[in-house]
Amino acid sequence: MLELRDIHAFYGPIEALKGVSLKLSEGQIVAVLGANGAGKTTLMNTISGLVRAKRGQIRFAGQAIERWRPERVVRAGISQVPAGRQIFPELTVAENLRMGAYVRRDREGIRADHRRVLDYFPRLRERLKQPAGTLSGGEQQMLAIARALMARPKLLLLDEPSLGLAPVLVRQLFEILERLHQEGAAMLLAEQNAHMALQLADYAYVLTLGTITLAGSARRLQANDQVRRLYLGMEAQPASRGGDHDNIDDNEHR
Ligand code: ATP
């Protein structure tokens, strides 16, 4: 469904992505793990057309999209939930949701999806007329996701959705993402919260200073010593058999 090949992206002289390749199949959740400054946001913005890759290819549903403008990327079925919940604070919750559907003309479908996202996020239903800027941080994050869903995307790009949320809200959020996954949604999920991300994802990549340094099925990465130490805050497994060799060379895409 989505394939990045050798993507290089720069901010002036800084090379933020140094030849990133990754794949995501229909219905999959693929996690991108990485520390601050690893390039996760740049990666998301390169896919959505906000950052132009200097080199490399991005294919989505059989088309080369690396030169497309953001609006065309949205129309093709990719919706981004940016880091930091960029909702429109002056607009009401209902208006924010309507903005999410701006590329659509099917009134009936929009109404149905409006009901559907409010089923997912009942708290938003109680606050439809409230200015979005007055929602709590967690509610704003829910709204950002609900708004992205209103475009009825084929692929959802989620940039650190758990950032700044209390643990109970993080759990709720991941339950909703799991439900969307079961309904067949595909997601690329950038997260520092490796614990939750690896529980949810089918496949994961570790991004280190603009380079993919590790890739594998989520289950496999959960057992990888380096991931356990650096991203899960756990000790290496005593019985592990050379997890450190479990690197990109073993990369078996599903
Ligand atoms: P975080 O988890 O902290 O958000 P990240 O993995 O999303 O980090 P990016 O935001 O993609 O990382 O940043 C990757 C690198 O590119 C960093 O070194 C950052 O300083 C640099 N960078 C990002 N945006 C810009 C910009 N607009 N101008 C210059 N450098 C930038």
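The values are calculated or read from the model by the stated rules, or taken from the named source; none is laboratory data. None of these values were measured; they are calculated from a predicted model. Reconstructed Cβ throughout: ideal geometry from the backbone, glycine too, with neighbour counts over all protein chains shown. Quick note on the areas: whole protein, heavy atoms, side chains included, nothing else; ligands and nucleic acids left out. Shrake-Rupley method; radii C 1.70, N 1.55, O 1.52, S 1.80 Å.
Observations, loosely collected:
- Of all DSSP beta bridges in the chain, antiparallel share, percent nearest 5: 55 percent
- Grouping the Cα pair distances of the range 1-75 into 5 Å bins from zero gives a pair-distance distribution of 4, 16, 28, 27, 18, 6, 1, 0 percent in increasing distance order.
- Residue-span extension gain [residue 69 to residue 111] - 0.36 nm each, minus C-alpha spacing: 12.4 nm
- Along its three principal directions, the equivalent ellipsoid of the range 53-197 from the Cα gyration tensor extends over semi-axes of 24, 19, 14 Å, largest first.
- The range 161-203: mean projected area of Cα convex hull, nm²: 2.8 nm²
- Using C-alpha pairs below 8 Å separated by at least 6 residues, the relative contact order for the range 114-190 is 33 percent.
- Cα lying deepest toward the dipole's positive end in the range 37-86, options 56, 81, 43, charges on Cβ: 56
- Accessible surface of the chain, 1.4 Å probe: 50 percent of it comes from carbon and sulfur atoms.
- CD proxy at 222 nm, helix term only [per DSSP H run n ≥ 4: -39500 (n - 2.57); per residue of the chain; nearest 500]: -10000 deg cm²/dmol
- Computed with a 1.4 Å probe over protein heavy atoms only, the accessible surface of the chain comes to 49 Å² per residue.
- Whole-number percent relative contact order across the range 53-173, with pairs defined as alpha carbons under 8 Å at least 6 apart: 37 percent
- Non-local Lys pairs in the chain, i.e. 8 or more apart or on different chains, that have alpha carbons under 19 Å apart: 5
- Equivalent ellipsoid semi-axes - Cα gyration tensor, the chain, angstrom: 30, 22, 16
- The chain: relative contact order in percent, alpha carbon pairs under 8 Å with at least 6 residues between: 24 percent
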